[in-house]
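Read the structure below first, then the notes.
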Amino acid sequence: MQCRICSNSENNKTHEAREMMLGMRDIHTYFECGNCGCLQIAEVPDNIQDYYPGDDYYSYDEIKPETGLKKAMITARDRYAATGHGFIGKLLQMRKPHDKLPRLQKANVTMQSKILDIGCGAGHLLHSLKECGFENILGADPFNAKKIEYDNGLIIEQKSIHEITEGDWDFIMMNHSFEHVMDQHEVIAKIEELLKPGGVCMIRVPTVSSWAWDHYGVDWVQLDAPRHLFLHSQKSMQSLADQSGLELKETVYDSFAFQYWGSEQYLKDIPLNDERSYAVNPEKSIFSEHKISEYAIRSKALNAEQQGDQAAFYFHKPTSA
Ligand SMILES: [Zn+2]
């Protein structure tokens, strides 16, 4: 097999992984590149759609905008969380944080930034941004049933990145969608084309440059065969950057307790959607709340050591070619 990221075909290692989210337990072959370390599926199943849950996967009717004082407080908090500006927002973020927006601060996002979210599903994160006053934002997801138009004006197009024609974006993000696409180089090239010079792209993915992959191997919960087509390493993400003209400037690990309890369940042959799963019935699971808390603490430590099982990779488009 030839690595689809760096083209190396020597010393590649084969792994057999089971489908364990739905509990189908059928086996899928992956190979690990001997050069860049990227773990990738050998062959995408013809019936890959069968491995995705049904219609109610994205629940966009669940988003209920707040009103009055609560809206004012959430607005202040989320503006701070995304941009790092605003004293009241800072206090509110310390008390009851928005856990996803702070990742935008690394990209120097401002209230005026033009932001594109690719593979955003229902667009919960963008909805938060729109509610707190960001105007120039757009979402796109080819797997949504239809185009979504929220009451606050937010639009989520039913499109792939290749169908986006408008350029000059300050910030493009892909939150756990990049590992599902086969045309890795084409997507990165399109991101490079869509970003304005000086713009930033954040790609959040699971990574094999982690304790969880080293420790659990094919029982690592975020391998997620066969839905995850690529499990990147730090080196393979660098290779993508080098080949696209983007600069990989920073990697921030953001793993959580899931890497432990999900993988421990797979070791014991308990699927993610099983009745005994912590994801389905926490009280019937094999874990105490104390154990889950311990996993959360250990995950923070792994992140600090750049060993967590997922990370945000920040790619910058140079200001001059
Ligand atoms: Zn490779």
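The values are calculated or read from the model by the stated rules, or taken from the named source; none is laboratory data. It should be emphasised that the depicted structure is a prediction, and the values quoted were computed from it without experimental measurement. Every residue, glycine as well, gets a Cβ built from its backbone with ideal geometry; the counts of neighbours run over all protein chains shown. Just the protein is used for accessible areas: all its heavy atoms, side chains included, with ligands, DNA and RNA removed. Shrake-Rupley method; radii C 1.70, N 1.55, O 1.52, S 1.80 Å.
Data table
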{"quantity": "5 angstrom amide H check on residue 137, placed H, neighbours 5+ away", "calculated": "115"}
{"quantity": "GluC sites (Glu not before Pro) within region 1-57, DSSP loop, no more than 16 other Cβ atoms inside 10 Å", "calculated": "10, 43"}
{"quantity": "Shape of region 140-197, Cα gyration tensor, a/c cut at 1.5", "calculated": "oblate"}
{"quantity": "Listed pairs 159/235; 130/300; 106/235; 13/249; 71/291; 96/196 exceeding 24 Å between Cα atoms", "calculated": "159/235; 130/300; 13/249; 71/291; 96/196"}
{"quantity": "Qualifying GluC sites (Glu not before Pro) for region 132-218 [loop in DSSP, other Cβ within 10 Å: at most 10]", "calculated": "166"}
{"quantity": "Max mean-square fluctuation residue, GNM over the chain, Cα-Cα springs under 10 Å, options 46, 117, 99", "calculated": "46"}
{"quantity": "Alpha-carbon centroids, region 260-283 and region 135-161: separation in whole Å", "calculated": "33"}
{"quantity": "Shape call, the chain: gyration tensor on alpha carbons, a/c limit 1.5", "calculated": "oblate"}
{"quantity": "Per-residue ³J(HN,Hα) for region 21-35, Karplus 6.51 cos²θ - 1.76 cosθ + 1.60, θ = phi - 60°, Hz, x for Gly and Pro", "calculated": "6, 8, x, 6, 6, 6, 9, 10, 8, 10, 10, 10, 5, x, 9"}
{"quantity": "Residue-normalised accessible area of region 1-50, given per residue in Å² at a 1.4 Å probe", "calculated": "54"}
{"quantity": "Surface share of carbon and sulfur [accessible, 1.4 angstrom probe, percent] for region 71-126", "calculated": "58"}
{"quantity": "Gaussian network model of the chain, Cα within-10 Å springs - most flexible of 209, 293, 263", "calculated": "293"}
{"quantity": "Charge tally in the Cβ shell below 15 Å around residue 87, where Lys, Arg are +1 and Asp, Glu are -1, residue 87 excluded", "calculated": "+3"}
{"quantity": "Whole-Å distance, taken between Cα centres, linking region 220-247 and region 69-121", "calculated": "27"}
{"quantity": "Selected from 195, 119, 94, residue furthest toward positive end of dipole (the chain; charges at beta carbon)", "calculated": "94"}
{"quantity": "Phi-based couplings in Hz for region 248-256 (Karplus 6.51, -1.76, 1.60; Gly and Pro marked x)", "calculated": "7, 9, 7, 10, 10, 6, 9, 6, 9"}
{"quantity": "Long-range amide H partners of residue 12 with built H, under 5 Å", "calculated": "34"}
